[in-house]
Amino acid sequence: MDTLWTQAELEALKKIDSPTLSNAIETFNLRPRTEGYLGPEIQCRFPKLGVMVGYALTVTFDTRQPGEARNWDMLFKVFEAVQATPKPVVAVFKDLSKKRGWAAYWGEVMTTIMKKLGTVGVITDGAVRDLEQVEKIGFHFFSSTVVVSHGDLKIVDINTPVEITGVTITPGDLLHGDLNGVVLIPREIAKDVVAASQKILQHESKILKVISQENFDPSQLREFYH
């Protein structure tokens with residue numbers, strides 16, 4: 001994976017909210033406006049943590065079958081994959097279980113390990129737990145559910161494309177998320193999207209200024225919508 005952002009660019013992206021970034025991406029006409037962001041099933045568990053930005057590390061996991069031997073080696077391969085991924089890392093965990101969301105791979109211990117290795121957050125269509133402890137750690141949780149148990153899970157595969165809410169995420173994808181949701185940043189515009197976001201903010205600021213006038217009339221907005 002190639003690191004496409006400088007540290008300064010990463011910090012600049014963290015100052016932009018995800019909806020503004022989503023609007024900015026639209027201006028490049030690289031994909032339909034209804035694509036490139038995760039669906040409402042994926043909820044931000046810690047809105048106060050602000051923006052999450054990083055490179056995707058993808059993992060699939062499933063429920064271990066009765067009598068199936070436990071394979072801890074796969075978990076350590078996940079840790080090795082994190083070490084080999086450009087930082088910061090966003091872990092993307094796909095739940096393959098028949099009862100998806102009934103067991104949490106992510107809690108306080110997993111989070112503490114992964115953060116130590118350079119991971120800033122996780123996106124999963126499965127469950128998470130230990131919310132109070134993990135929020136204090138300052139680690140982003142985006143999940144479809146919250147559940148009390150870790151169940152009996154196993155790692156299936158690492159760094160292969162996964163589908164979350166119908167959106168394909170590949171290893172190394174650039175991900176940006178906040179309390180509004182998660183958006184994928186196309187590689188082609190990685191260097192230009194911050195400037196485009198600033199233009200969006202300036203444009204919206206002008207609209208809001210017009211609306212704030214005491215004698216506001218909707219017709220005054222026509223210059224912004226054409």
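The values are calculated or read from the model by the stated rules, or taken from the named source; none is laboratory data. The structure displayed is predicted, hence computed values, not measured ones. Cβ placement follows ideal geometry from the backbone for every residue including glycine, while neighbour counts extend to all protein chains displayed.
I'd like the full set of residues that are over 28 Å from residue 12 (Cβ atoms) and either in contact (Cβ under 8 Å) with a residue 40 or more places away in the chain or among the small types (Gly, Ala, Ser) (or both), limited to the range 199-226.
219
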Identify all residues within the range 150-171 that are under 13 Å from the mean Cα position of the chain (by Cα), hydrophobic (A, V, I, L, M, F, W, C) and surrounded by fewer than 16 Cβ atoms within 10 Å (Cβ to Cβ); write none if there are none.
none
Output yes when any residue across the range 188-197 is free of Cβ contacts under 8 Å to residues at least 40 places away in the same chain and either surrounded by fewer than 18 Cβ atoms within 10 Å (Cβ to Cβ) or in contact with a Cys (Cβ under 8 Å, 6 or more places away or on another chain) (or both), and no when none is.
yes
Sole residue being at pLDDT 95 or above, in the same structural domain as residue 45 (by TED's automatic domain parsing) and more than 24 Å from residue 36 (Cβ to Cβ), chosen from 134, 162
134
For the range 35-72, what are the residues that are more than 17 Å from the chain's Cα centre (by Cα) and among the β-branched types (Val, Ile, Thr)?
63
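Given the structure, is residue 122 touching a helix residue (DSSP H, G or I) at 6+ places or on another chain (Cβ under 8 Å) and part of a strand (DSSP E or B)?
Details: touching a helix residue (DSSP H, G or I) at 6+ places or on another chain (Cβ under 8 Å): yes; part of a strand (DSSP E or B): yes.
When the stated conditions are applied, residue 122 passes them.
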Give the number of residues within the range 128-151 that are assigned to a strand (DSSP E or B), closer than 20 Å to residue 176 by Cα and among the aliphatic types (A, V, I, L, M).
1
Could you check the range 22-113 for strands (runs of 3 or more DSSP E) lying wholly inside it with 2 or more residues that are touching a residue at least 40 places away in the same chain (Cβ under 8 Å) and under 30 Å from residue 195 (Cα atoms)?
52-63, 89-95
Of (1) under 14 Å from residue 175 (Cβ atoms); (2) hydrophobic (A, V, I, L, M, F, W, C); (3) outside the structural domain of residue 156 (by TED's automatic domain parsing); (4) not in a loop (DSSP other than H, G, I, E, B), residue 5 satisfies every one except (4)
For residue 10, indicate whether it is in a strand (DSSP E or B), out of contact with any Leu (no Cβ under 8 Å at 6 or more places or on another chain), of a type outside the set (D, E, K, R) and surrounded by 15 or more Cβ atoms within 10 Å (Cβ to Cβ).
no
Return only the number of the condition from (1) outside the structural domain of residue 139 (by TED's automatic domain parsing); (2) not in a helix (DSSP H, G or I) that residue 176 does not satisfy.
(1)
Residue satisfying condition, being more than 20 Å from residue 11 (Cα to Cα) and β-branched (Val, Ile, Thr), within set 90, 59
59
Complete set of residues in the range 104-116 that are crowded, with 17+ Cβ neighbours inside 10 Å and in contact with a Lys or Arg (Cβ under 9 Å, 6 or more places away or on another chain):
104, 106, 107
Scan of the range 175-189 for residues that are hydrophobic (A, V, I, L, M, F, W, C) and either over 11 Å from residue 25 (Cβ atoms) or at pLDDT 95 or above (or both), ordered by number:
175, 179, 182, 183, 184, 185
Tell me which of these residue 71 doesn't satisfy, since it passes every other one: (1) modelled with pLDDT of 95 or more; (2) of a type in the set (S, T, N, Q); (3) under 16 Å from residue 153 (Cβ atoms).
(1)
